[in-house]
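Colleague: Here you go, one structure.
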Amino acid sequence: MVAIIILVWKLIDKNIDGGQAILGIGTIVLLMVFAIASKSDVFLGVACLSLLIVMLMWPFAERQLDMQSVRAVNADRIERLHQAVSERPDNIPAQLELAACLHAHGFIGHGIELARVTLEAIPDTVDPMTGRSPRNMYTTEVYELKKWMGRATPEQINQRIKCASCMTFNPPGTIACSKCNEPYLLNHVRKNDFAKGIFGRFVVTGALVTAVFSFTAWASVTFKGAMSAVVVLAGLTAAFFAIRWLFTPGKYSGSNIASKY
């Protein structure tokens with residue numbers, strides 16, 4: 001009942017959608033019905049223990065939600081910076097901050113390339129009166145760019161992202177689609193529902209893991225010999241892949257969210 005109340009609460013808060021809530025609640029009800037009908041102490045114990053373990057992982061989901069809230073703020077900043085750069089392409093501070101936000105949001109290659117092109121366009125001719133060049137004003141950004149390039153993998157640097165409007169793959173550094181001129185990066189940012197994504201993933205994984213563990217426990221008692229070992233191995237393998245999917249960041253996960261911007 002506690003698990004069902006939590007799911008209903010998250011549904012009301014719009015952290016999960018109706019389908020995910022039905023999956024979670026349906027899994028709990030079916031497990032309890034099957035556990036009682038089977039009259040198996042092993043199955044009932046494992047089902048209850050699995051549900052308890054999943055509930056104890058809610059703080060993990062809450063922390064992930066906090067991170068996604070930061071991403072939502074970052075997404076709002078990307079939208080405002082994108083508009084500023086579109087209106088004034090010569091706005092160097094806005095371009096550099098947009099590059100930092102894109103990098104923090106998971107668009108590693110696009111952030112690096114946008115920052116590199118912007119910095120290279122700044123004159124480095126030294127003013128004899130001040131002894132400094134215009135590029136000297138952006139030494140911090142140059143240093144950050146070097147760190148980004150040192151940490152990025154070749155796949156991230158060459159990351160090509162598909163435009164949802166015309167399905168064209170765009171190279172790093174472009175903020176408008178090379179074919180239809182749509183703001184494809186901004187569209188990717190807008191379509192993400194961060195809170196629903198993390199809680200939905202958690203609910204689906206919890207339902208799968210609970211069902212797999214409970215069924216594996218029941219099957220290990222019901223079947224004998226080699227068949228029992230095969231069922232247990234298959235169940236543990238399925239649970240492993242489900243948990244791995246939960247902890248694997250998305251394509252644009254913003255794993256580099258700890259940006260000064």
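Read-outs: derived from the displayed coordinates by stated rules, not from any lab. Because the structure is predicted, anything quoted here is derived from the model rather than measured. In this analysis, Cβ positions are derived from the backbone assuming ideal geometry, glycine residues included, and neighbour counts consider all displayed protein chains.
Colleague: Round to the nearest 0.05 the FRET efficiency obtained for Ser165 and Asp90 when R0 = 30 Å and r is the Cβ-Cβ distance.
Modeller: For Ser165 and Asp90, the calculated efficiency is 0.65.
Colleague: Separate question: When a/c reaches 1.5 or more, the comparison of a/b and b/c decides; with that in mind, is region 77-190 rounded, prolate or oblate per its Cα gyration tensor?
Modeller: prolate
Colleague: Return the distance in nm (one decimal) between the two label points of a simple spin-label model at Phe241 and Asp127, each offset 7 Å from Cα along Cα→Cβ.
Modeller: Distance between label points: 6.3 nm.
Colleague: For Asn170, list long-range residues whose amide hydrogen, built 1.01 Å from N in the peptide plane, is under 5 Å from its own amide hydrogen.
Modeller: Under 5 Å from the amide H of Asn170 lie the amide H atoms of Ile161, Lys162, Cys163, each far enough along the sequence or on another chain.
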